[in-house]
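Here is the structure we will look at, set down as structure tokens.
The values are calculated or read from the model by the stated rules, or taken from the named source; none is laboratory data. Note that this is a predicted model, so its numbers are computed, not measured. Note that each Cβ is placed from the backbone with ideal geometry, even for glycine, and that neighbours are counted across all protein chains shown. All accessible areas refer to the heavy atoms of the entire protein, side chains included, with ligands and DNA or RNA removed. Shrake-Rupley method; radii C 1.70, N 1.55, O 1.52, S 1.80 Å.
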Amino acid sequence: MSRMMKTVAVAALAVAVNGCSNFLSGDKLDSDPNRPTTAQASQLFIASQVNSYYILNGHAARVLAMWMQQMAGTDRQYRGYDQYSITEGLFTEYSAAYTGGGLIDLRTVQANAEESGNKALGGIAKVWEVLVMSFLTDMYGDAAYSEAIDGNAHPTPVLDPQASIYAALQTVLDGAIADLTSGQGSVGDLDLSLGGDTDAWAHVARTLKARLYLHTAEVNPSAYTQALSALCSGGALNTCTLGIQSAAGDLNEYHSGASGEENIWWQFIARDRDSYMRPGKFLVDLLNSRSDPRRAEYLQLNGSGTYGGAAPGEGLDAAKHSNLGLTRLDPSYLQPIVTYLETLAIIAEAAYRTNNLGLARQALDALRAEYGGSAVGAGLSGTALLTRILEEKYIALFQNYEVFNDWKRTCYPNLTPASQAYGGNIPARFTYPIAERTSNPDNVPVPGEQPRRNANDLVNATSADGTACKGQKP
């Protein structure tokens, strides 16, 4: 596929994804799903990538950034969202994960790849399946998975427990790595993010395995050891060659300046809803306290010529509030999904948790070196070392939904809830869409019967920094 053809395809599909329904459908996307031609499988694969971009970095990511006080709602309904004003209709990602461009189409692509012997295509499609389904179980807890594909056999699929979904996704990733390292098949420009580089995808898959192990750490004592094993063959940083190895191997969304292909955050903030959200006061104050060089990337100067953030629910004030930086607020900015910086942060934390402080400091120093930070030194240890690791990750993963997963697991940063909704807690999960509840009432709970947090998210009495957790009370 030429660059022009790819541009046209992404532009057309991005418009569909960013509409109110967030669905990708039509004859070319959904015809004959049981026996697709290679051309149809190609269309489904492109549609699935663009749909995944929206699920991972669209509306839900913006709300999560507000809950984590990296951003703040400054106008209209967004001032309510970061005050936890949530209804059943707020999050539609659950439905979008299955229908046009979702799990059903990804499974169709995998079946076609298996039939044609194109293991490269099958392996990449499996990684996308894990990204989408892990996001779903991260945010909703129990979700349809084992019975989600065959609507005739399972018109009202059961919701599988979160823990079983995580376990199943690890198996899918093992299969993806086997496919990606087989040397069989090719994808080329059909792969919008990494250009068909199967080696790069195998590294992404291993970082993703480590990420998902951390998601089980509250109830799985071996999680940190398993995360390290997914990334490292030994106890020093130079043995940690299995995950993403540099920024060049990051999994990013494909965007460009062409109409319909622009960065999703740019579309919302710069083009459609300029007044709705701004960088949050907590993050901006943290960056200012460190004189962090990334301020110029993350933020623009406010009307007073300084960097300033908006408090939760505060109305827009151009004199006080910085907008996103011009690097991030660029239509061509490639929005990160899984990165080298996250890989280093996982290594650092997992090494700390397994008492390899030397490796923890090495990985932390490597992460800091990526933005010009100095080494932390051998004297940093204990809670101070863990806090520094988590702080660096919170900043490095600006705008990434994984910050929310870390907060649920560690209560770091120890944020003060923006309102007294949810019993004075920060929400720990999404509500299911009302359409899912009405079509599957025996399995999808009403909001009042839905647990406040996922079974894997234990109530943390203290934050990783040793203080009482303010946002995760019973």
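A few remarks follow.
- For the stretch 287-353, size of Cβ-based charge dipole, Lys and Arg +1, Asp and Glu -1, in debye: 120
- Lys, Arg +1 and Asp, Glu -1 on Cβ, resulting dipole of the chain about Cα centre, debye, nearest 20: 1180
- Comparing V284, S332, L301 along the charge dipole axis of the stretch 263-377, the residue lying farthest to the positive side is V284, per the Cβ-charge model.
- Overall form of the stretch 182-302 per C-alpha gyration tensor (a/c, 1.5; a/b vs b/c): oblate
- Rounded percent of accessible protein surface that carbon and sulfur make up, the stretch 330-386, 1.4 Å probe: 50
- Computed per residue of the chain from DSSP H runs no shorter than four, each worth -39500 (n - 2.57), the mean residue ellipticity at 222 nm is -14000 deg cm²/dmol.
- Whole-number percent relative contact order across the stretch 42-149, with pairs defined as alpha carbons under 8 Å at least 6 apart: 31
- Ranked packing of 56-68, 143-155, 255-267, most packed first, by mean Cβ within 10 Å: 56-68, 255-267, 143-155
- Surface per residue (accessible, 1.4 Å probe) for the stretch 81-220, Å²: 31
- Shape call, the chain: gyration tensor on alpha carbons, a/c limit 1.5: rounded
- With the charge dipole of the stretch 83-170 set up from +1 on Lys and Arg Cβ and -1 on Asp and Glu Cβ about the Cα centre, the Cα lying farthest toward the positive end among the listed residues Y98, T137, L121 is that of L121.
- Derived scalar couplings ³J(HN,Hα) [the stretch 182-196; Karplus, 6.51 cos²θ - 1.76 cosθ + 1.60; whole Hz; x for Gly, Pro]: 7, x, 10, x, 7, 10, x, 6, 4, 7, 5, 8, 10, x, x
- Ranked packing of 241-247, 438-444, 342-348, most packed first, by mean Cβ within 10 Å: 342-348, 241-247, 438-444
- When each full DSSP H helix of the chain is screened for a Cα extent of at least 15 Å along its own axis and an average Kyte-Doolittle hydropathy of at least 1.6, the helices passing are 3-17.
- Cα gyration tensor shape of the stretch 103-251, rounded if a/c is under 1.5, else prolate or oblate by comparing a/b with b/c: oblate
- Only protein atoms count toward the accessible area here, which uses a 1.4 Å probe; on the stretch 49-185, the carbon and sulfur part of that area reaches 50 percent.
- Relative contact order computed over the chain (Cα-Cα under 8 Å; 6+ residues apart), in percent: 19
- Farthest toward the positive end of the dipole of the stretch 316-429, out of S374, L415, I347, is the Cα of L415, where the dipole comes from beta carbon charges about the Cα centre.
- Amide H to amide H distances under 5 Å link E253 with Q335, I337, where only residues 5 or more positions off or on other chains count and H is placed in the peptide plane.
- Computed about the Cα centre, the dipole magnitude for the stretch 308-436 is approximately 280 debye when only Lys and Arg (+1) and Asp and Glu (-1) carry charge, each at its Cβ.
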